Amino acid sequence: MIGQHYWFLLIAGEADTITVMNNHIYHTSGGISGYNQQIHIVNNYYDTVGGHAIDAAVSSHILVEGNYFKSVTTPDTGTASGGAEYFVQTVADATTCATYLGRYCEWNRFESSGTVASRLDTGVLSALAQSAVNNLTPMGVADVPTYVVANAGVGKVN
């Protein structure tokens, strides 16, 4: 999209585990892409993203839960680039998390956004099971927009 930043966050490193949480991703044309990482994308507010929000690139393992997608053309590009994802959309998806993480995952919400095909690679949950992810309790997705807008951004330190 003309006049919009493409990448919100490009994560490239050597097998790190990263949590991306409570961000307001606003008016971009690209979102988060990870290479060779374990990434937990949780409680972010994607607002008016004209391109894609999440891209599971080479050797990445990405858990996507509790995010609010408002007016996002393509919430997720899929795993064709060689990554793996567990993208929570249903009660059954959330329940499966308990087996691996010891807690239920929070589902993602879509408002005036594109759809996401089923992406339920439990290898992602296995990879993240021994990380801080299993001790984190996400906020309910309905609360994400209000909380993030009030608490994220320049000059707001919590």
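The values are calculated or read from the model by the stated rules, or taken from the named source; none is laboratory data. None of the values given here were measured: they were computed from a predicted structure. Cβ atoms come from the backbone with ideal geometry, glycine included; neighbour counts cover every protein chain shown. For the accessible areas, the whole protein counts, side chains as well, though only heavy atoms, and no ligand, DNA or RNA atoms are used. Shrake-Rupley method; radii C 1.70, N 1.55, O 1.52, S 1.80 Å.
Quick notes on this structure:
- Working note: 222 nm ellipticity from helices only, DSSP H runs with n ≥ 4, each -39,500 (n - 2.57), summed and divided by the residues of the chain, gives -4500 deg cm²/dmol to the nearest 500.
- Label-to-label distance for V58 and D143 is 4.0 nm, based on points extended 7 Å past Cα in the beta-carbon direction.
- A 1.4 Å probe run over the protein chains yields, for the chain, 46 Å² of accessible area per residue, whole-number rounding.
- Using Cβ point charges alone (K and R +1, D and E -1), the dipole size of the chain about the Cα centre works out to roughly 200 debye.
- Global geometry of region 103-158, whether rounded, prolate or oblate, following the gyration tensor of its Cα atoms and the 1.5 cut on a/c: oblate
- Sum of side-chain charges, Q37 neighbourhood, beta-carbon under 13 Å (Lys, Arg +1; Asp, Glu -1): -4
- Percent carbon-and-sulfur accessible area, the chain, ignoring ligands, DNA and RNA, probe 1.4 Å: 53
- Overall form of the chain per C-alpha gyration tensor (a/c, 1.5; a/b vs b/c): rounded
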